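Just so you know, all these numbers are worked out from the coordinates, no wet-lab data involved. Here the structure is a predicted model, which is why all the values come from computation and not from measurement. Because the Cβ atoms are built from the backbone with ideal geometry, glycine has one as well, and the counts that use them run over all protein chains shown.
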Amino acid sequence: MGDPAKHTRKLYNTTVALMDSQMNSETDIGRGLTPKQTMFVREYIKDLNGSQSAIRAGFSEKSSRVTAAKLLTKTNIKAAVQAAMDRRSARLELDANWVLENLRNIHDRCKEPRPILDRQGNPTGRFRFDSAGALRALELIGKHLRMFTDRIEVSDFDPAQIVNEAAERVRIARKQAAREQAAKEQAEKVH
């Protein structure tokens, strides 16, 4: 069958080329973008590499990282990237269900026992399976289902309250320090 990674890259490149041929820069990516910004969006959705996308779009290689970071913070560029990615997903019929279904298939294939062969190619009666692939598929499914918390989600974030609480702690600490200093000075007067 050949190298699966090579096959996947070829399929990806063919898909990207097909998408590029179908995209009309004015209607598909968004109005209000300069030609370079439009090209950046088209390049960015290929590999999600901002620096390389900026270079391929014609921006300076020296400042490509900064340029990409600035471009990706602009509302109209973010909207154009999201719209282009949504259209690509719809065209290729990709969604969360498709990803989860394929992860489940990968998990199941990785768990299939394969016979261990001796040096002559005869089955030994023992079997092995791809535990790393099965675990990785489960990990990705678990992340999608938010079963593992990588960070703490803050629901009622109030910056003013945080600043006020910090200021109160500082005020209390200063009072305590002043009391301790006064007690120390009082003790020195007595001695």
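Give me E188, E139 ranked fewest to most by other Cβ atoms within 10 Å of their Cβ, as a rough exposure proxy. Walk me through the numbers before you get to the answer.
On the way: E188 8, E139 13.
Lowest to highest Cβ neighbour count: E188, E139.
Label Q176 and Q161 with points 7 Å out from Cα along Cα→Cβ: what is the distance between them in nm?
In this crude label model, Q176 to Q161 measures out at 2.3 nm.
Around K175, with a cut-off of 14 angstrom between Cβ atoms, what is the net charge of the other residues, counting Lys and Arg +1 and Asp and Glu -1?
Working: positive: R169, R171, R174, R179; negative: E168, E180.
Net charge around K175: +2.
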